[in-house]
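Peer 1: Please read through the structure below; I'll follow up with questions.
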Amino acid sequence: MKYIYDLHKTMLSRNLILVYEGEFTQEITKSVLAMAERNMDSMGEESSIKRKVFNVMVECLQNIVKHSDDFNPLSAKRNAAIFIIGKEDDRYVVTSGNPVDTEAKESLIERIDEINHLDKEGLKAKYKEIIKSNSLSNKGGAGLGFVDMARKSGQKLEYDFEDMGEGFHFFSLTTTILRL
């Protein structure tokens, strides 16, 4: 049972206010968002900051839900995802992680790197370009999520991929929202 205390200490030391790991559905997503909102309300967070954090959380969670149907539900290794939100003095840190295949990995690297090279005006132009093209991917998205996260946070998107074997990678995405 010591691991519970160790986990608790880790969460406190890293200022984690919400961690969810497992299956993500629309219903679970709504619950996670509601819990995070209650936590921010109880801390007396400013509404402008809450909106930014909430927007980033929604985009992260939608990405997880969209991509979770790519995997066999009987395979916990490929179906599990994680969502974490932490608060430090001057920032919120929203992190998500989920398995992706190699093809998705390459596409994600290309898209995020492109977004990270844009300044504020470039992000605005990219957003308008995507809206005007009005094209949906086979996952139902238009590619606005990462652009919107970068715009709302005003920060570069951080990401990493850990090899899971069998052509799968664990995609971790971190977005920082400053509380200024």
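The values are calculated or read from the model by the stated rules, or taken from the named source; none is laboratory data. Just so we're clear, the structure is a prediction, and the values are computed from it rather than from any experiment. Glycine also receives a Cβ, built like all others from the backbone with ideal geometry; neighbour counts cover every protein chain displayed. For the accessible areas, the whole protein counts, side chains as well, though only heavy atoms, and no ligand, DNA or RNA atoms are used. Shrake-Rupley method; radii C 1.70, N 1.55, O 1.52, S 1.80 Å.
Peer 1: Could you list, in sequence order, all residues of the range 26-49 that are exposed (fewer than 11 other Cβ atoms within 10 Å of the Cβ) and within 19 Å of ALA80 (Cβ to Cβ)?
Peer 2: If the condition is that a residue be exposed (fewer than 11 other Cβ atoms within 10 Å of the Cβ) and within 19 Å of ALA80 (Cβ to Cβ), then GLN26, GLU27 are the ones that fit.
Peer 1: Another question, if that's okay. What pairs can you find where one residue is in the range 144-159 and without any contact (Cβ under 8 Å) to a residue 24 or more places away in the chain, the other is outside any strand (DSSP E or B) and open to solvent by 10 Å² or more (accessible area, probe 1.4 Å), and their Cβ atoms are less than 8 Å apart, with a gap of 6+ or different chains?
Peer 2: Listed pairs, sorted by first residue: LEU144/TYR127; LEU144/ILE130; LEU144/ILE131.
Peer 1: Could you grab me the full set of residues in the range 1-20 that are touching a residue at least 12 places away in the same chain (Cβ under 8 Å) and either farther than 16 Å from VAL58 by Cα or over 15 Å from the mean Cα position of the chain (by Cα) (or both)?
Peer 2: ARG14, ASN15, LEU16, ILE17
Peer 1: If you don't mind, there's one more thing I want to ask. Could you grab me the full set of residues in the range 160-176 that are among the hydroxyl-bearing types (Ser, Thr, Tyr) and crowded, with 18+ Cβ neighbours inside 10 Å?
Peer 2: Matches in the range 160-176: THR174, THR175, THR176.
Peer 1: Could you please find all residues in the range 95-108 being under 17 Å from the mean Cα position of the chain (by Cα), part of a helix (DSSP H, G or I) and touching a residue at least 40 places away in the same chain (Cβ under 8 Å)?
Peer 2: Result: ALA104, LYS105, LEU108.
Peer 1: If you don't mind, there's one more thing I want to ask. Could you grab me the full set of residues in the range 88-111 that are open to solvent by less than 50 Å² (accessible area, probe 1.4 Å) and over 16 Å from ASP160 (Cβ atoms)?
Peer 2: TYR92
Peer 1: Right, something else. For the structure I just gave you, tell me whether SER137 is over 17 Å from the mean Cα position of the chain (by Cα), closer than 19 Å to VAL65 by Cβ and at pLDDT below 95.
Peer 2: Spelling it out, SER137 is indeed over 17 Å from the mean Cα position of the chain (by Cα), closer than 19 Å to VAL65 by Cβ and at pLDDT below 95.
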